[in-house]
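The block underneath contains the structure these notes are about, expressed in structure tokens.
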Amino acid sequence: MSLLRGESVFFDNLPEVRLPFTPEALASLKAGQLISLSGTLYTGRDQTHRRLCALLDEGKDLPVDLAGQLLYYVGPSPPRPGRVIGAAGPTTSYRMDSYTPRLLALGLAATMGKGARSAEVRQAMLAHGAVYLAAIGGAGAFLSQCVKKSELVAFGDAGPEALYRFEVENFPAVVINDLDGRDYYALVAAANKKGEG
Amino acid sequence: MREIDSNEIRKGVRDLTIAAAHDLEPDILEALRGARDRETGELAGNILDLLLVNAEIASRERIPVCQDTGTGILFLELGQEVHIRGDLNDALQEGVRLGYEEGYLRKSVCDPLTRKNTGTNTPAVVHLEMVPGDRLVIRFLPKGCGSENMSSLVMLPPAAGTEGVVQHVIDRVVAAGSNPCPPMIVGVGLGGSFEKAALLAKKALLRPVGVRSDRADVAALEERLLREINARGQGVHGFGGINTALAVHMETFPCHIASLPVAINIQCHAHRHKEIIL
Ligand code: SF4
């Protein structure tokens, strides 16, 4: 399956993965792999995280059951009339680090953004059997075309920071942290160190 | 004395904001193509291809290159023989507001304490410089925060010298990792005062990508920094390879005998910039 729809063949033959993940699919992901995602995911960034954790603090239910789901850190630009969504690439993940372990404890299966995660998040991912993916930062126009449906779920007043449900098709992502505890950014750094050696 | 109507400025700024978000300039596209040609890593090469395709889609389909359409930063060079009819600052802010609204750009500006979004992507940051002549040059640089957040300013002791500067820049770039969407452009402001160094680092980003400083020793330092940064092997998006940075641009200004300010302003591959001359 080519992700570039005839414009190019560089992305041919990527492993296709359905969302939400089956436990088998989740376990098959390997750090460093480029994959193609299709199915349902949820979105949220700074404000959504702040509000989800505030609800948890108050002992209230979350607006959506995140168990088994993928949470994508994105604040899209507004759609032009007749379009599903505007640009929709990832935002930097470390800003969500302080909230993420709580959501992983609720069964969140995967998160997706860009950039490395904290040691606490990596530990929580291992403890709860979750993975972390990197979407392609700065490819917002391309990724916009991979989003086939977008539906507001909660926190609409937060604008681009609201919680949406997306239907995506052939959405490319790189596996950074897999279930075996491997971290692709760390593997690259270690390989570079060796090269210097 | 030449008259420029503030309405013309408002309209010009509106158009700049929309064009900047959708149409990358030849300098950054050339730099990305060059990186693609040099790249040896498979994953990094795929990503660079994707970024070039992304730029095409953005321009053709009128979808922003990146959803973070930034805080608006305006650099003005105002000829001292120009008289502006109407309110210049209003015209600039209104131009930004209109562009972000009518161009379907993301509004990302909020109060620093309450975090409440201003809803208009204003106020934009304005830097005004008076120059000889009767023209008004407006440069627009929307700045995303994945890269802006990786920037820094430090007052080094003069004894740190050139080696101290080099070490500090490399340390910051390495610490930024994949957060600022590499391949990046590293703007360095050296000297001046606390605020001058920061402004120089940002101004360095306005130079066409890869053009060296016209001061030979600074140009040599830019080249050395670029070489050493890319030798670290972080690469495109932190996925390894030789393309961590596309360019290092350094601007200098004399400073106090007791001081060595160093500012680093990091820019991502979505290097959006536009200018008009009125
Ligand atoms: S760092 Fe630049 S390319 Fe990356 S998400 Fe931010 S604005 Fe976009």
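The values are calculated or read from the model by the stated rules, or taken from the named source; none is laboratory data. Note that the structure is a prediction, hence the values are computed from the model and not measured. Cβ coordinates were reconstructed from backbone atoms using ideal geometry, including for glycine residues, and neighbour counts include every protein chain displayed. These area figures cover heavy atoms from the full protein model, side chains too; ligands, DNA and RNA do not enter into them. Shrake-Rupley method; radii C 1.70, N 1.55, O 1.52, S 1.80 Å.
Tabulated data
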{"quantity": "Order by protection proxy (mean Cβ within 10 Å, highest first), peptides B:207-213, B:239-245", "calculated": "B:239-245, B:207-213"}
{"quantity": "Shielding score for B:230-239, defined as the mean number of other chain Cβ atoms within 10 Å", "calculated": "5"}
{"quantity": "Two-site FRET efficiency, B:Leu278 against B:Ile170, from Cβ-Cβ distance with R₀ of 35 Å, rounded to 0.05", "calculated": "0.30"}
{"quantity": "In nm, spacing of pseudo-spin labels at B:Met130 and A:Ser28 (7 Å Cα→C-beta vector)", "calculated": "7.0 nm"}
{"quantity": "Gyration tensor (alpha-carbon) shape descriptor, chain A, a/c threshold 1.5", "calculated": "oblate"}
{"quantity": "Ordering of B:190-200, B:265-275, A:124-134, A:140-150 by burial proxy (mean other Cβ atoms within 10 Å per residue, highest first)", "calculated": "B:265-275, A:140-150, A:124-134, B:190-200"}
{"quantity": "The protein assembly as shown: translational diffusion in µm²/s, Stokes-Einstein, Kirkwood Rh over Cα pairs, 20 °C, 1.002 mPa s", "calculated": "93 µm²/s"}
{"quantity": "Region B:22-64 versus region A:22-98: alpha-carbon centroid distance in Å", "calculated": "26 Å"}
{"quantity": "10 Å Cβ neighbours from other chains, averaged over peptide A:74-85", "calculated": "4"}
{"quantity": "Bridge type composition, the protein assembly as shown - antiparallel percent by DSSP, nearest 5", "calculated": "55 percent"}
{"quantity": "Per principal axis, descending, Cα span of region B:19-117 in whole Å", "calculated": "54, 40, 27"}
{"quantity": "Per-pair calculated FRET efficiency, R0 = 60 Å: B:Met1 and A:Thr40 via Cβ, rounded to 0.05", "calculated": "0.45"}
{"quantity": "Inter-chain Cβ neighbour average for residues A:62-68, partner chain, 10 Å", "calculated": "0"}
{"quantity": "Cα gyration tensor, chain B - rounded (a/c under 1.5), prolate or oblate", "calculated": "oblate"}
{"quantity": "Value at 222 nm in deg cm²/dmol, rounded to 500, when DSSP H runs of n ≥ 4 in chain B each add -39,500 (n - 2.57)", "calculated": "-13000 deg cm²/dmol"}
{"quantity": "B:Arg227 paired with A:Lys60, simple spin-label distance in nm, labels 7 Å along Cα-to-beta-carbon", "calculated": "6.0 nm"}
{"quantity": "Coordinate range along principal axes, alpha carbons of region B:139-269, Å, largest first", "calculated": "42, 32, 26"}
{"quantity": "Percent RCO, i.e. relative contact order, over chain A, from Cα pairs under 8 Å lying at least 6 residues apart", "calculated": "26 percent"}
{"quantity": "Accessible surface, region A:52-92, averaged per residue in Å² (probe 1.4 Å)", "calculated": "39 Å²"}
{"quantity": "For region A:8-96: rounded, prolate or oblate by the Cα gyration tensor [a/c cutoff 1.5]", "calculated": "oblate"}
{"quantity": "Kyte-Doolittle mean at least 0.5 and Cα axial length at least 15 Å: DSSP H helices in chain B", "calculated": "B:42-61, B:161-176"}
{"quantity": "Pair A:Lys148, B:His256: separation of 7 Å Cα→Cβ label points (nm)", "calculated": "6.3 nm"}
